[in-house]
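The values are calculated or read from the model by the stated rules, or taken from the named source; none is laboratory data. These numbers were taken from a predicted model, which means no experiment stands behind them. As a convention, Cβ positions derive from the backbone with ideal geometry for all residues, glycine included, and neighbour counts pool all protein chains shown.
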Amino acid sequence: MFPVSGFSLLSVVQRYDGTNMIFDTLVDARTLGDHLGQPDWVVVDCRFRLDDVTAGALAYAAGHIPGARYADLERDLSGPRSQGSGRHPLPDVGCLHETLAAWGINPRTQVISYDDASGVYAARLWWLLRLIGHRTVAVLDGGLAAWKALPGEMTQLMPTVARSVYESSTPAVVTVDTSWIEQQLAQVGQRWVLIDARGASRFEGREEPLDGVAGHIPGAVNLPFNGNLGVEGRFLAPGHLRDRFLSILPPGLPPNAVVHMCGSGVSACHNVLAMERANLCGSRLYAGSWSAWISDPGRAVARGT
């Protein structure tokens, strides 16, 4: 499985690797249009709906950015469920290598992910690639709506893909598991911060449409992922994102004292991406998140604000 340690050294803007400009957090639609079709750029459509698991693939078949491969959250970006794993456990690293190779992605490919859900599923692919050390991966800022607004071309043609070879390198993001959360829970809010990306109604326990128990892990703070976005669905400026996360980080604690969670480790990736965009690097993800935490009825649950 994936390693548990690592450190991120991402920049808040695109950078040069000595020859080419690379993108490691976000890319705008016009820049994607300028590079579309280049052999070292691969676009991945990550559209998905939790209430209809076939909707994303059907939407892709009906029309997608030319050349885009399709990534299914449950088939490609998650592994098999097991007791205590949560709803979207991490895929086995070997299986992820196989998927990337089938998409024609190698460790030097500039990968661009997109969706039509505020970047939630696209950020999951971004985070998984960062977890296996892939440096050149970015989310399309504003998603499919930004592409269509160019206007960008859409197609129903399936891409012709030449298979590649993929091997991991040093991880650039970090994950923690349920046992780590349990062991460190007494220090939450003091030595580390647990940020829950779900909406306020789920965090407070007023509703729970997906998991069997409502509420949150004691000591967690609520910072819904959609607060990272402006009115047009694009990410806020790095300075604004920085202020958003620093507002809940106690003085003296570094960014790598932050652990992100959500319902199943998907929308929390959006908050990781936002922090990296703000140059607050090294925050971690509780991959199992709420759905893993509540798998044991003996674990503490809090409700309210």
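Apart from one condition, Leu10 fits all of (1) part of a loop (DSSP other than H, G, I, E, B); (2) at pLDDT 95 or above; the exception is (2). Taking the conditions (1) within 30 Å of Ala59 (Cβ to Cβ); (2) part of a helix (DSSP H, G or I) in turn, Gly239 satisfies each one other than (1). Here are some residues: Ala278, Ala257. Which one is surrounded by fewer than 20 Cβ atoms within 10 Å (Cβ to Cβ) and either outside the structural domain of Gly133 (by TED's automatic domain parsing) or not hydroxyl-bearing (Ser, Thr, Tyr) (or both)? Every option except Ala257 fails the conditions. The number of residues in region 147-197 that are under 25 Å from Ile132 (Cα atoms) and of a type in the set (Asp, Glu) comes to 3. Among the residues making up region 226-270, those that are more than 18 Å from Tyr286 (Cβ to Cβ) and aliphatic (A, V, I, L, M) are Leu229, Val231, Leu236, Ala237, Leu241, Leu246. Looking at Val231, is it without any contact (Cβ under 8 Å) to a residue 24 or more places away in the chain and either in contact with a Cys (Cβ under 8 Å, 6 or more places away or on another chain) or of a type in the set (A, V, I, L, M) (or both)? Taking the combined requirement at face value, the residue satisfies it. Of all residues in region 182-204, those satisfying the criterion of being closer than 25 Å to Asn228 by Cα and either hydrophobic (A, V, I, L, M, F, W, C) or free of Cβ contacts under 8 Å to residues at least 24 places away in the same chain (or both) are Val188, Trp192, Val193, Leu194, Ile195, Ala197, Ala200, Ser201, Phe203. Taken together, Trp103, Trp41, Trp127 contain a single residue that is closer than 28 Å to Glu182 by Cα and not assigned by TED's automatic domain parsing to the domain that holds Arg284, which is Trp127. Considering region 91-126, and only residues there that are out of contact with any strand residue (DSSP E or B) (no Cβ under 7 Å at 6 or more places or on another chain) and within 15 Å of Ala274 (Cα to Cα), the residue that is surrounded by the fewest Cβ atoms within 10 Å (Cβ to Cβ) turns out to be Val120. Filtering region 233-254 down to residues that are touching a helix residue (DSSP H, G or I) at 6+ places or on another chain (Cβ under 8 Å) and more than 17 Å from Ala197 (Cβ to Cβ), which residue is surrounded by the most Cβ atoms within 10 Å (Cβ to Cβ)? Filtering region 233-254 for residues that are touching a helix residue (DSSP H, G or I) at 6+ places or on another chain (Cβ under 8 Å) and more than 17 Å from Ala197 (Cβ to Cβ), the one surrounded by the most Cβ atoms within 10 Å (Cβ to Cβ) comes out as Arg234. Taking region 281-305 as the range and being assigned to a loop (DSSP other than H, G, I, E, B) and in contact with a strand residue (DSSP E or B) (Cβ under 8 Å, 6 or more places away or on another chain) as the test, the residues that pass are Gly282, Ser283, Ala287, Val301, Arg303, Thr305.
Taking the criterion of being assigned to a helix (DSSP H, G or I) and closer than 19 Å to Gly119 by Cβ, the residues of region 58-89 that qualify are Ala59, Tyr60.
Mind checking whether some residue in region 269-277 is more than 16 Å from the chain's Cα centre (by Cα) and over 20 Å from Phe203 (Cβ atoms)?
No, there is no match, as no residue in region 269-277 is more than 16 Å from the chain's Cα centre (by Cα) and over 20 Å from Phe203 (Cβ atoms).
The residue that is farthest from Gly265 (Cα to Cα), counting only those in region 72-130 that are free of Cβ contacts under 8 Å to residues at least 60 places away in the same chain and among the polar types (S, T, N, Q), is Thr99. One residue alone among Ala268, Ala257 is touching a residue at least 60 places away in the same chain (Cβ under 8 Å) and under 12 Å from Asp196 (Cβ atoms), and that residue is Ala268.
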